[in-house]
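Taking it in order: structure first as structure tokens, then the write-up.
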Amino acid sequence: MQQRARFFRVSSPAAYSGASYPAYWLVGLLCTVLLSGCGFKLRGAYQLPEAMQITWVETAQPKSDFIRRLKRGLKSSGAQLVDKASDNVAVLKIFNEKKTKRIVSLDANGRAREYTLIYAVSFSVKALLLEFEIPEFEIPEQTVQIERDFVFDTEDVLGNSREEVKLYQEMEQDTVRLMLLRLQSKAKQ
């Protein structure tokens with residue numbers, strides 16, 4: 001007995017276009033409205049305190065990657081950055097930017113096998129009315145610290161150094177995000 005091949009009818013892609021399924025559009029629209037109603041926003045859109053609309057970033061390392069990322073984040077959040085402090089300008093002061101490495105485990109030969117990478121930044125914000133030297137807005141000094149574990153492969157030393165640099169870059173980006181979230185929380189108070 002011979003088996004016949006079975007063929008299935010395949011519709012054209014035009015048959016599955018959004019125009020023939022208005023219910024999908026309605027569900028998509030409903031989801032969008034619900035997400036925006038609960039306060040959901042895409043990452044990167046932070047609301048800064050009103051006193052920080054014009055900001056000066058004071059730091060000892062103005063050309064570091066972290067400062068460039070921080071300035072980019074402030075600009076994308078609507079802040080206008082200036083080169084010096086003046087009346088009605090918020091001063092975001094970066095006190096300390098520190099990268100450290102702590103040994104977590106050793107191999108049988110006593111060499112480091114696993115590290116914890118630590119990235120910490122201390123900062124404060126102050127907006128003064130210079131005429132009266134009165135703080136209009138102030139966030140006292142605080143520290144954002146991020147830690148990541150890093151397994152050291154003794155066979156791939158070059159790859160390890162690349163991985164470490166990449167982890168520190170990601171930690172810098174996370175620190176900027178956390179700083180902007182802290183500033184945003186002050187805007188809502």
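The values are calculated or read from the model by the stated rules, or taken from the named source; none is laboratory data. In this text, all values refer to a predicted model and were calculated from it rather than measured experimentally. Cβ atoms come from the backbone with ideal geometry, glycine included; neighbour counts cover every protein chain shown.
Things to note:
- Taken over the range 42-73, the criterion of being surrounded by fewer than 13 Cβ atoms within 10 Å (Cβ to Cβ), outside any helix (DSSP H, G or I) and in contact (Cβ under 8 Å) with a residue 60 or more places away in the chain is satisfied by Arg43 alone.
- Scanning the range 83-105 for residues that are over 19 Å from Leu70 (Cβ atoms), free of Cβ contacts under 8 Å to residues at least 40 places away in the same chain and touching a Lys or Arg at 6+ places or on another chain (Cβ under 9 Å) turns up at least one hit.
- On the stretch given as the range 149-176, residues that are within 15 Å of Phe123 (Cβ to Cβ) and surrounded by fewer than 16 Cβ atoms within 10 Å (Cβ to Cβ) total 1.
- Leading residue by the ranking (modelled with the highest pLDDT) among those in the range 45-78 that are farther than 29 Å from Val165 by Cα and small (Gly, Ala, Ser): Gly78
- Leading residue by the ranking (surrounded by the fewest Cβ atoms within 10 Å (Cβ to Cβ)) among those in the range 86-130 that are of a type in the set (Ser, Thr, Tyr) and within 20 Å of Asp156 (Cβ to Cβ): Ser105
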